[in-house]
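First comes the structure, then the notes that go with it.
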Amino acid sequence: MTLDPIHVENIARLAYGIAGDVDTTDHEDLAGRVWDDWLTGLRRDGRVVIEPVADHERRRVSIDDVALAERPFGTVHGLDSGTINPTTFKNGLVVDVAHAAMAAEPTDLDLHRDRTIVATVHAGDSTADFDGEWTERDAGHTRQRVLHAPRVNRYAEGVVHALALYLAEGTHALDHADEVGELLILDGPIYPKELFTWGDRDPELGELAREAKPRAVVEKYVRLVERFVERDVPLAGFVKNPSSRTVVRALARKGFESPWPDDTALFTRLLELREEDGSAGRAGSTGRSGSGGGRGARSRLDDDLTFTTWFHSRGGADGTMAADADALGIDRGLDPELYEPTFMVLYDPRTDVTYKLEAPYAFTRDEETRDRLTRQVLAEVATTRGPPAAVGKADALARIDATEKSALRRKFEERFDSDQQATYDDHRWGKDRY
């Protein structure tokens, strides 16, 4: 049953009451204050969680110009991992399967054929043991294994998902690291941040993150950074849906009432330009920009990409890899500061989407490398209206579509001789039987 027209009208009228109580013009001044006064060195619990790597600026560049500009990197590799999503069976097993692939731009078909597959299993039976060794298939183009997840009383689905996803991705990246000659961009953050947030969600999960198997997954990313530093090849991560709340939480702890639900909303406010607001400097400028664009009747300007310079990030999930943290007890062969995540934020007005580009400080400490990474991602986004081409290719290779997920779940049902545990929502929303 759909809503009648009168119901739609009545709901729409609620918006008028909400809008009347929100003065967004105040948000412009607040954003400007945060940028000028807080993001130059934001502290939380005595630690500087956000600070500029070098310059502290907001910049803009013509979309047409940067799309036609020469790319700093001639060949770019992208890497992604897709899963079937956690599936619970009536026999008590919870399973997820991840499938990682690396892509190149320009295309490398032999590389695209290589895959890493991980099935992670959680069992309520403490006597069960499903761990397996790595095996090869498809004439060596596929490596796969089964990982038995540590037992947990809650969050079993989240545990199998994170371990499968990151073990497949980290393993595939390490196995193919030497094939990357200029730049590798991960589809997502540079570290397995979902594992880093376990401690914030539940004490049991926090303890689990320090157990051998989760630590081994994180260690792959630490070794990946070291490998790329040794080879002097930059490593980055393109985050399509940034969700960090490091800034807004730190501000809240200081009594600053933030109108933004997360950091992405804040940076969008800072980077979005509207009519009569031309204060953001062109790319390469040295002056600080003015406050972000306002709302009201002014239309959004969509001729330029806007972006920030680079920041250190040591709060929230990123705090795990801060120089003064212990990285879950994992040995770091380089100066711990070199592993710290750094980031810049990019806003595309054509799609009204805000992205984040991450890289370890080992690479962004160098001004030329920061500039090359920035110019590369600007050119890519200007051209694709989305992620860099290599990341888009990797996403397409690693993605497991709905039909394939259904077929794989049926295979597991047959092998387990047990049905998937259905829910009422499966029936309510007309979900097909796998």
> Taking the chain as a Gaussian network, where each spring joins two C-alpha atoms under 10 Å apart, which residue of A382, A402, A31 fluctuates the most?
Replying inline: A402
> Taking the Cα centre of the chain as the origin, how large is its charge dipole in debye, to the nearest 20, when only Lys and Arg (+1) and Asp and Glu (-1) carry charge on their Cβ atoms?
Replying inline: 560
> Along the charge dipole of the chain, Cβ charges K/R +1 and D/E -1, which of N153, V233, G319 sits furthest on the positive end?
Replying inline: N153
> Of I330, I185, I63, which is the most mobile in a GNM of the chain whose springs link Cα atoms less than 10 angstrom apart?
Replying inline: I330
> So which residue, out of T306, T197, T354, gets the largest mean-square fluctuation from a GNM of the chain using Cα contacts under 10 Å as springs?
Replying inline: T197
> Points 7 angstrom from Cα along the Cβ direction at E179 and T107: gap in nanometres?
Replying inline: 1.5
> Does the range 194-277 come out rounded, prolate or oblate, given a ≥ b ≥ c as the square roots of the eigenvalues of its C-alpha gyration tensor, rounded meaning a/c under 1.5 and, failing that, prolate meaning a/b above b/c?
Replying inline: oblate
> The list (1) 23.5; (2) 24.2; (3) 21.5 gives values of Kirkwood radius over Cα pairs in Å, and only one came from this structure; which label was calculated from it?
Replying inline: (1)
>> So, for the chain, what is the accessible surface per residue at a probe of 1.4 Å, expressed in square angstrom?
In response: 47
> Using a basic spin-label model with each label point 7 Å from the Cα along Cα→Cβ, how many nm lie between E9 and D36?
Replying inline: 4.7
> So, with a 1.4 angstrom probe, what is the percent of accessible area on the chain that is carbon and sulfur?
Replying inline: 46
>> Counting only helical runs of four or more DSSP H residues, what would the 222 nm mean residue ellipticity of the chain come to if each run contributes -39,500 (n - 2.57) and the total is spread over all its residues?
In response: -10500 deg cm²/dmol
>> Could you work out the relative contact order of the range 29-107? I mean the mean sequence separation of Cα pairs under 8 Å and 6+ apart, divided by the number of residues, in percent.
In response: 20
> Between R385 and D371, what length in nm is gained on full extension when 0.36 nm per residue of separation is reduced by their alpha carbon distance?
Replying inline: 3.0 nm
> Roughly how tilted is helix 367-384, in degrees to the nearest 10 and between 0 and 90, from the longest Cα axis of the chain?
Replying inline: 80
> Given the C-alpha centroids of the range 169-214 and the range 33-104, what is the distance between them in whole angstrom?
Replying inline: 13
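The values are calculated or read from the model by the stated rules, or taken from the named source; none is laboratory data. Owing to the predicted nature of the structure, the values given are computational and were not obtained by experimental measurement. FYI the Cβ positions are ideal-geometry reconstructions off the backbone, even for glycines, and counts take in every protein chain you see. What goes into the accessible areas is simple: the full protein's heavy atoms, side chains included, and nothing from ligands, DNA or RNA. Shrake-Rupley method; radii C 1.70, N 1.55, O 1.52, S 1.80 Å.
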